[in-house]
């Protein structure tokens, strides 16, 4: 039987994290599966809260682990998890999700059914698009005609059609709130200079790395509730700017041709037009800043310069 490591990468969201751990503990560890849960902390979780988590998870048959990082950033949390986790399967969950009681058992059954899989992902409840919304996303290159493929501009909007799936299907990408990988598929993760802080697009890069080891699958039975808490995220201008900038890096990483960059330019223009009626000036400013960089040379891109983690304060477990 495969073993499982659950990773919750978090920063100062005690209420969200507590709700998430409650849902995990209710379901308990999968049958005959050695299970550990890592809290990868970029904040300051109180000691009494951590002690409560340890007791709660212990009663559920899950081994509690804790690591406090010195250098913040979601991608660095993924890197640290790949370094620390002992399970054959690593499940990344956002700290603001709630799992149904059968989620972990269904996940491990999926790996048994697809032994060649490098990764298995799930669906966030409520993610859907209207017919006209789908048409707009297709015309603005935010999604592709295939639910498992990225768009011409490298966008993952096709996930808004995942709720229509009746059976497990292959995919190029996962939703970051709800994705798992074989440890061997991501064991060589390293810091990436352009993935900073909230790390927009890190789930796409992680999926791309894992896919070198085998196919990725989405199982619609792995549906959870994602509350999408806004706290601890970057300001809106920075998020929209990095959303475009990081897609530039992703396009360059895969050696995309001019069509990909032209599609991203059009996608970004569409985003600006969409935000104008809402008078969301901070978001628009971020998109406008990024537009100038789409056809810049690699040397002109400002990636951020995030460095490898040098020291860690505390590891428990």
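Things to note:
- Cα→Cβ-extended label distance, 7 Å offset, between residue 12 and residue 274, nm: 2.9 nm
- Chain lengthening between residue 170 and residue 131 when straightened (0.36 nm per residue, less Cα-Cα): 11.7 nm
- Hull-based mean projected area of the chain, where the convex hull spans the alpha carbons, in square nanometres: 15.6 nm²
- Rg then Dmax, both in Å and based on the Cα atoms of region 236-297: 11.5, 36.
- Segments 219-227, 76-84 sorted - mean Cβ within 10 Å per residue, highest first: 76-84, 219-227
- Segment residue 1-residue 281, length gained on full extension (0.36 nm per residue, minus Cα span): 95.6 nm
- Extension gain, residue 184 to residue 254, is 23.0 nm, computed as 0.36 nm per intervening residue step minus the present C-alpha separation.
- Derived value for region 72-207: Kirkwood hydrodynamic radius 16.0 Å. Basis is the mean of 1/r over every pair of different alpha-carbon atoms.
- Relative contact order of the chain: 22 percent, from C-alpha pairs under 8 Å at least 6 residues apart in sequence.
- Distance between region 1-66 and region 191-211 - C-alpha centres, whole angstrom: 23 Å
- Contact order for region 238-288, expressed relative to its length and based on alpha carbon pairs under 8 Å spaced 6+ residues apart, stands at 54 percent.
Read the figures in this text as sums done on the coordinates, not as results from a lab. Everything quoted here is computed from the prediction, not taken from an experiment. Note that each Cβ is placed from the backbone with ideal geometry, even for glycine, and that neighbours are counted across all protein chains shown.
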